[in-house]
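Asker: Could you have a look at this structure, given as structure tokens, before my questions?
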Amino acid sequence: MSRTAPAQASTTAPASTTATARWHQVPLRWRAVMVVAAGAIVVEFAISFAGGVYGAPSRSIIGPASSLDSSGSGTAAFAQLLTDRKHPVRQLTVPVSTTTLPVPGTLFVLDPQGELTSDLATLHRYLAAGGRVVLAGRPATATLRALLGAGPLPVWQATTTRSWRPGAPEPETYGVRTVVSDTLGAWQTATSDETVANASRPVRILLGGSRGALALLVLVGRGRLVLLATGAPLDNAHLADADNAALALDLAGPDSAPAIFDEYDHGLGRPGSGIAGLPGHWQVALLLALVAVLVWMLSAARRLGPPLPAERELVPPRIAHVDAVASLLASGSAARLVAGADPLRQAARERLVHVLRAPRDSTDADLVAAASTLLLPPDVVASVLGEPRSEADLIALGRAYATLAEKGR
């Protein structure tokens with residue numbers, strides 16, 4: 001029997017196994033950071049993509065008082081009311097300075113999220129031509145100065161007043177008796193008179209109370225500027241309260257007068273920063289790439305146990321096992337060597353008796369004599385009948401057993 005070990009099959013680790021092994025070499029905390037970061041970016045892309053496919057962004061994106069927002073702080077109900085009353089309604093998604101505003105008509109700039117610096121000259125020209133602008137919220141001092149001119153300016157401040165009544169009769173408050181608002185903000189003017197002295201133009205109180213004014217009217221050229229301390233009376237949650245709906249219709253002007261809602265200053269149509277500023281097809285491509293990376297990370301993560309070995313473990317050759325056992329036995333005492341080899345000696349003697357067709361109670365001399373007549377190699381008989389005293393003797397005994405097993409078939 002040859003001691004040459006069978007050839008080991010050469011295998012190459014699959015690419016997925018190699019990638020998995022590399023992934024597990026990354027520290028656990030960094031793997032967690034990578035998974036969380038990739039998940040957050042995927043969620044951000046999903047929200048942006050869903051907003052672009054299924055409709056207008058949510059209130060958290062476009063801000064309060066938007067005519068595209070149907071939540072309590074939006075003004076979608078106001079826009080629908082104007083549509084039902086035959087007012088042409090348009091949502092402006094470009095800067096006011098880049099579009100043509102209809103005269104007569106009303107431009108609603110309700111609680112804008114950004115500064116109106118670039119649009120102030122356009123608003124002033126629109127007012128001078130005879131348009132109406134309803135500016136709700138708390139504008140910057142520079143905005144008020146550009147629209148009202150020189151002189152004292154009204155000051156926005158918090159107040160506890162919730163109910164407001166009209167001052168002198170004006171078209172903007174026709175049929176209005178009481179307006180309510182739960183947003184506690186009001187205009188404070190230099191005097192409490194219905195007409196406030198101003199070096200450039202008069203400021204009239206449209207809706208006043210005991211602690212200021214909810215709405216002011218400023219005449220600019222042939223136009224009318226309405227300053228609302230808050231857009232709350234026009235939002236979805238309060239439009240049906242008291243005479244708020246009547247105020248909303250009066251601000252829009254006569255039937256068929258166009259109504260334009262400035263949605264650009266709520267963030268709609270503005271180029272975003274970072275990922276939001278990329279073109280749509282780039283966003284989709286990056287989203288797909290991130291999803292692919294996330295799927296790879298999940299597939300490479302440990303699930304039911306350690307990663308598979310790079311190579312298949314083969315059964316070790318039998319001769320190597322025999323050599324190892326022989327070396328172990330040979331390293332001990334002679335008695336241990338004889339005792340360890342005894343089962344193999346007994347099996348080899350039984351094989352020898354079977355091959356020689358000798359009686360089971362034959363002596364060693366009988367077996368030697370019978371082997372000589374069958375031309376059996378003397379070293380095979382000697383290895384079976386002698387006591388092993390070294391590693392070489394054990395190996396010879398194993399070879400003799402293999403030879404007898406082959407002849408006994």
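The values are calculated or read from the model by the stated rules, or taken from the named source; none is laboratory data. What you see is a predicted model; the values in this text were computed from it and never measured. Cβ coordinates were reconstructed from backbone atoms using ideal geometry, including for glycine residues, and neighbour counts include every protein chain displayed.
Asker: Pull out all pairs, ordered by first then second residue, where Cβ-Cβ is under 6 Å, the residues are six or more apart or on different chains, the first lies in the stretch 248-273 and is among the polar types (S, T, N, Q), and the second is at pLDDT 90 or above and surrounded by fewer than 19 Cβ atoms within 10 Å (Cβ to Cβ).
Answerer: Partner pairs satisfying both residue conditions: SER256/LYS86.
Asker: Based on this model, can you work out whether GLU350 counts as at pLDDT 75 or above and assigned to a loop (DSSP other than H, G, I, E, B)? Quick ask: steps written out before the conclusion?
Answerer: Values: at pLDDT 75 or above: yes; assigned to a loop (DSSP other than H, G, I, E, B): no.
No; evaluated as a whole, the condition is false for this residue.
Asker: Anything in the stretch 361-409 that is in a helix (DSSP H, G or I) and among the basic types (Lys, Arg)? List them, or say none. First the steps, then the outcome.
Answerer: Within the stretch 361-409, the first condition is being in a helix (DSSP H, G or I), and the residues that meet it are 364-373, 378-385, 391-407.
Passing the criteria: ARG399, LYS407.
Asker: Of the residues that sit in the stretch 217-255 and are among the acidic types (Asp, Glu) and assigned to a loop (DSSP other than H, G, I, E, B), which one is surrounded by the fewest Cβ atoms within 10 Å (Cβ to Cβ)? I'd like the intermediate steps shown before the answer.
Answerer: Looking only at the stretch 217-255, we keep the residues that are among the acidic types (Asp, Glu), and these are 235, 241, 243, 250, 255.
Then drop every residue that is not assigned to a loop (DSSP other than H, G, I, E, B), which leaves 235, 241, 243, 255.
Values: ASP235: 28, ASP241: 15, ASP243: 19, ASP255: 10.
Restricting to residues being among the acidic types (Asp, Glu) and assigned to a loop (DSSP other than H, G, I, E, B), the top hit is ASP255.
Asker: Let me ask something additional. Does ASP84 satisfy the criteria of being modelled with pLDDT of 90 or more and acidic (Asp, Glu)?
Answerer: Working: modelled with pLDDT of 90 or more: yes; acidic (Asp, Glu): yes.
Yes: the conditions hold for ASP84.
Asker: Any residue at all in the stretch 158-167 that is more than 51 Å from the chain's Cα centre (by Cα) and either assigned by TED's automatic domain parsing to the domain that holds LEU127 or surrounded by 14 or more Cβ atoms within 10 Å (Cβ to Cβ) (or both)? Don't jump to the end; show me each part of the working.
Answerer: First, pick out the residues of the stretch 158-167 that are more than 51 Å from the chain's Cα centre (by Cα): 167.
Next, only the ones that are either assigned by TED's automatic domain parsing to the domain that holds LEU127 or surrounded by 14 or more Cβ atoms within 10 Å (Cβ to Cβ) (or both) stay: 167.
Yes; the residues of the stretch 158-167 include at least one that is more than 51 Å from the chain's Cα centre (by Cα) and either assigned by TED's automatic domain parsing to the domain that holds LEU127 or surrounded by 14 or more Cβ atoms within 10 Å (Cβ to Cβ) (or both).
Every residue, every condition in (1) basic (Lys, Arg); (2) modelled with pLDDT of 85 or more; (3) under 42 Å from the mean Cα position of the chain (by Cα), yes or no:
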| residue | (1), (2), (3) |
| --- | --- |
| HIS124 | no, yes, no |
| ARG132 | yes, yes, no |
| ALA140 | no, no, yes |
| PRO152 | no, no, no |
| VAL155 | no, yes, no |
| PRO171 | no, yes, no |
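Asker: Test ALA142 against the stated conditions and say whether it is assigned by TED's automatic domain parsing to the domain that holds LEU225 and surrounded by fewer than 13 Cβ atoms within 10 Å (Cβ to Cβ). Explain how you work it out, then say what you get.
Answerer: Values: assigned by TED's automatic domain parsing to the domain that holds LEU225: yes; surrounded by fewer than 13 Cβ atoms within 10 Å (Cβ to Cβ): yes.
It is true that ALA142 is assigned by TED's automatic domain parsing to the domain that holds LEU225 and surrounded by fewer than 13 Cβ atoms within 10 Å (Cβ to Cβ).
Asker: Of everything in the stretch 127-181, what is hydroxyl-bearing (Ser, Thr, Tyr) and closer than 24 Å to ALA246 by Cα? Give them in sequence order. Break it down into steps so the answer makes sense when it comes.
Answerer: Just the residues of the stretch 127-181 that are hydroxyl-bearing (Ser, Thr, Tyr), to begin with: 141, 143, 159-161, 163, 173-174, 178, 181.
Correct list: THR159, THR160, THR161, SER163, THR173, TYR174, THR178, SER181.
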